[in-house]
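Student: Right, I'll just put the structure down here and ask away after.
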Amino acid sequence: MTPHRVCVIIYQGFASYDVAGPVQAFRATGVHRYSVVLTSVAGGLVESDCPGVTFSSLSMSSVVDPIDTLLIVGGNEAPQASNDPLLIEWVERLANRSSRVACVCTGAFLAAQAGLLSGRRAATHWRYCDEMERRFSDVRVERDPIWIRDGGIWTSAGISAGVDLALALIEEDLGVETALEAARELVVFFKRPGGQSQFSTLLSSQIADARGPLRGLLDWIADNLAADLRTELLAGRAGMSLRTFARICIEHTGKAPAKLVESLRVEAARESIERTEAPFTTIAARYGFGDEQRMRRAFVRQLRVTPTDIRMRFSQRMERASS
């Protein structure tokens, strides 16, 4: 079969793992499945974000063959690099010759500057979501997913999410079995779906409130998800008025109390669905949903998938991966 042609765009200060992770995933499918070239504006050696670690590249003008996947990688320098008019001109040129475009992490800044994300949903590293929203008001930035596909444009969150994105591309190109084999070769336990959160709700809340007034309460909620966690009861436990508690919860976690509780319950239930064969009724009761239908509605609100979708996806993949 003809190798799938991948053209990777790099620039000064790009994240080395944003290249190495996806390229290693493509390589894990076999020697001849993917043909990968690295390209930069001028070509030659390009230094990554790791001092002394350089990657060899072709000049963008020398890339003349059709491109199946244009992969734009990220890094801390990507937002600044997106201000380089020559680089963005070449991004646009190569994208116009590509069957699809995929951005790892802050590589989305280059794609957005080139107009590729206008009117589209996009993901990027959680730390850069605010900046992307400020700079590109026509891009619908989604803070939670580890990767998003909107038409022929794929974007992902940061660092390891680039591997998840590559595995999703491999699944589209070569099928789920090959993607699973690549995941196993990389010693990746799960091939995570795009809708999965890039950051734990509990961890992000704990970080935001590390020394704040909710510190002990957050841990207690996580340990007692089956309890009655109505907002007024949590406010009493925190020793605050209902109004004060709601305000502080939003200020310190970014979520209203009821939304925070639902997010923590969904996160715990999702993990249980992925890792166990427990019935949905048991999981729903264990994590405070009351019944299976309420759990299903919460999953659709939070993850845009049902518990059945998740159970089916992970059970099939684990069976295939172990066969």
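What follows draws every value from the coordinates through simple rules; no lab data is involved. Small disclaimer: the values here were computed from a predicted structure and weren't measured. Because the Cβ atoms are built from the backbone with ideal geometry, glycine has one as well, and the counts that use them run over all protein chains shown.
Student: Could you pull out the trypsin sites (Lys or Arg not before Pro) across segment 258-316 that fall in loop regions by DSSP (anything but H, G, I, E, B) with no more than 10 other Cβ atoms inside 10 Å?
Tutor: When the trypsin sites (Lys or Arg not before Pro) of segment 258-316 are filtered for loop state and at most 10 Cβ neighbours within 10 Å, nothing remains.
Student: Work out, step by step, the length gained on full extension between ARG304 and TRP220: first 0.36 nm times the residue separation, then minus their alpha carbon distance; give nm to one decimal.
Tutor: 27.5 nm
Student: Turning to a different aspect of this structure: Length gain on complete extension for the stretch GLU172 to ARG286, per 0.36 nm per residue less the alpha carbon to alpha carbon distance? All intermediate terms of the calculation are to be shown ahead of the outcome.
Tutor: Working: separation 114, 0.36 × 114 = 41.04 nm, distance 3.58 nm.
Length gained, GLU172 through ARG286: 37.5 nm.
Student: Would you kindly state how much longer the chain becomes between LEU86 and VAL31 on full extension, computed as 0.36 nm times their sequence separation minus their alpha carbon distance, in nm to one decimal? Write down the numbers at each step before the final one.
Tutor: On the way: separation 55, 0.36 × 55 = 19.80 nm, distance 3.35 nm.
Extending this stretch completely gives an extra 16.4 nm.
Student: How much mean residue ellipticity at 222 nm does the chain get from its helices, if each DSSP H run of length 4 or more adds -39500 (n - 2.57) and you divide by all residues, to the nearest 500 deg cm²/dmol?
Tutor: -14500 deg cm²/dmol
Student: Relative contact order for the chain: what percent, with Cα pairs under 8 Å and sequence separation of 6 or more?
Tutor: Numbers: 563 pairs, mean separation 39.4, N = 323.
Contact order relative to length: 12 percent.
Student: Determine which residues of segment 22-42 fall in the zone a paramagnetic label at SER62 would reach in this model, i.e. backbone nitrogen under 13 Å from the point 7 Å along Cα→Cβ.
Tutor: 37-42
Student: For segment 4-185, what class follows from the C-alpha gyration tensor (a ≥ b ≥ c being the square roots of its eigenvalues): rounded when a/c is under 1.5, otherwise prolate if a/b is larger than b/c, else oblate? Working shown, then result.
Tutor: Working: a/c = 1.40, a/b = 1.13, b/c = 1.24.
Rounded, because the longest to shortest axis ratio a/c is under 1.5.
Student: What number, in percent, do you get for the relative contact order of segment 4-185 if the mean sequence gap of Cα pairs under 8 Å and at least 6 apart is divided by its residue count?
Tutor: Value for segment 4-185: 22 percent.
Student: Okay, next question. Distance between Cα centroids, segment 228-302 to segment 140-163: provide it in whole Å.
Tutor: Centre-to-centre distance over Cα atoms comes out at 25 Å.
Student: So how strong a dipole does the chain carry about its Cα centre when Lys and Arg Cβ are +1 and Asp and Glu Cβ are -1, to the nearest 20 debye?
Tutor: On the way: 38 positive and 38 negative charges, 181 e Å.
In debye, rounded to 20, the chain gives about 860.
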